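Worksheet: one structure, shown below.
The values are calculated or read from the model by the stated rules, or taken from the named source; none is laboratory data. If you're wondering where the values come from, they're calculated on a predicted model, not measured in any experiment. Neighbour counts are summed over all protein chains in view; Cβ atoms, including those assigned to glycine, are modelled from backbone coordinates with ideal geometry. Accessible surface areas use protein heavy atoms only, side chains included; no ligands, DNA or RNA. Shrake-Rupley method; radii C 1.70, N 1.55, O 1.52, S 1.80 Å.
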Amino acid sequence: MSEGVEWALHSCINLAWSGPDRAVSAARLAAWHDLPAAYLNKQLQALARAGIVRSTPGPKGGFRLARPLERISLMDVVAAVEGPDQAFRCAEIRQQGPGGGPAASFTAECAIAHAMSRAEVAWRRELAAQTLEEIRQQAENQAPQAPQRLRAWLEAAH
């Protein structure tokens, strides 16, 4: 999984903390964590295509959440940034080389592919079950001053 997922998740929480009436530019969101703005913008565009954030053009434009955090799961963000493909793709290497053989001898699903598929389903289920609202609450329990610090920093920039 790319670090873009982490950046996108933090950006969603930061957009929630910035307030529903404020659009925040990709450059400002990137500056808060000292990230490359162009790369973060790609993650934000992916979130926008998925309907997680919306983009407002213009000099006072930027990004806002498109829906409340309780309606955004971790899986929503992962799928938006990484795409819908499975993390593990079986290439059927068991059929190659000297250990391979006639394809007919490999009628059952590869045991490794099966195990990886089961693990992926469990992983996706867990990510789908956790909302960004739960993450926001945990982050605020760990750092109660974080939302106000972000808002003050954004205010100082204008």
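Pop the C-beta distance of Ser105 and Ala128 into the FRET formula with R0 = 35 Å and round what comes out to the nearest 0.05. Here the calculated transfer efficiency is 0.40. On the chain, 54 percent of the accessible area sits on carbon and sulfur atoms, based on a 1.4 Å probe. Taking the inverse of the mean reciprocal distance over all distinct Cα pairs, the Kirkwood hydrodynamic radius of the chain comes to 17.7 Å. A 1.4 Å probe, protein heavy atoms only, puts the accessible area of Trp7 near 30 Å².
The distance separating the Cα centre of the stretch 113-143 from that of the stretch 10-24 comes to 21 Å.
Taking θ as phi - 60° and the Karplus parameters 6.51, -1.76 and 1.60, the scalar couplings of the stretch 130-147 work out to 9, 9, 5, 5, 5, 5, 4, 4, 5, 4, 6, 5, 6, 9, x, 7, 4, x Hz in sequence order, x denoting glycine and proline. Annotation: amide H of Gly62 within the under-5 Å range of Thr56, sequence separation 5 or more or interchain, hydrogens built in the peptide plane. Ranked from largest to smallest solvent-accessible area, with a 1.4 Å probe on the protein heavy atoms, Phe63, Phe88, Phe106 come out as Phe88, Phe106, Phe63. Backbone geometry of the stretch 47-54 corresponds, through the Karplus equation with coefficients 6.51, -1.76 and 1.60 at θ = phi - 60°, to 3J(HN,Hα) couplings of 5, 5, 4, 8, x, 8, 10, 10 Hz, x marking Gly and Pro.
Accessible area per residue was computed with a 1.4 Å probe on protein heavy atoms; Ile112 scores about 110 Å². Debye-formula intensities of the stretch 69-158, expressed as log10 I(q)/I(0) at q = 0.13 Å⁻¹, are -0.67 (one equal scatterer per alpha-carbon, no solvent). With the helix formula -39500 (n - 2.57) applied to DSSP H stretches of n ≥ 4, the chain reaches a computed 222 nm mean residue ellipticity of -17500 deg cm²/dmol.
Extent of the stretch 1-82 along its three principal axes (Cα atoms, max minus min coordinate, largest first): 32, 26, 20 Å. The stretch between His33 and Gln145 holds 38.7 nm of extra length on full extension. This uses 0.36 nm per residue minus the Cα-Cα distance. Scanning residues 5 or more positions from Val53 or on other chains, those with amide H under 5 Å from its amide H are Ala48, Ala66, with H placed 1.01 Å from N in the peptide plane.
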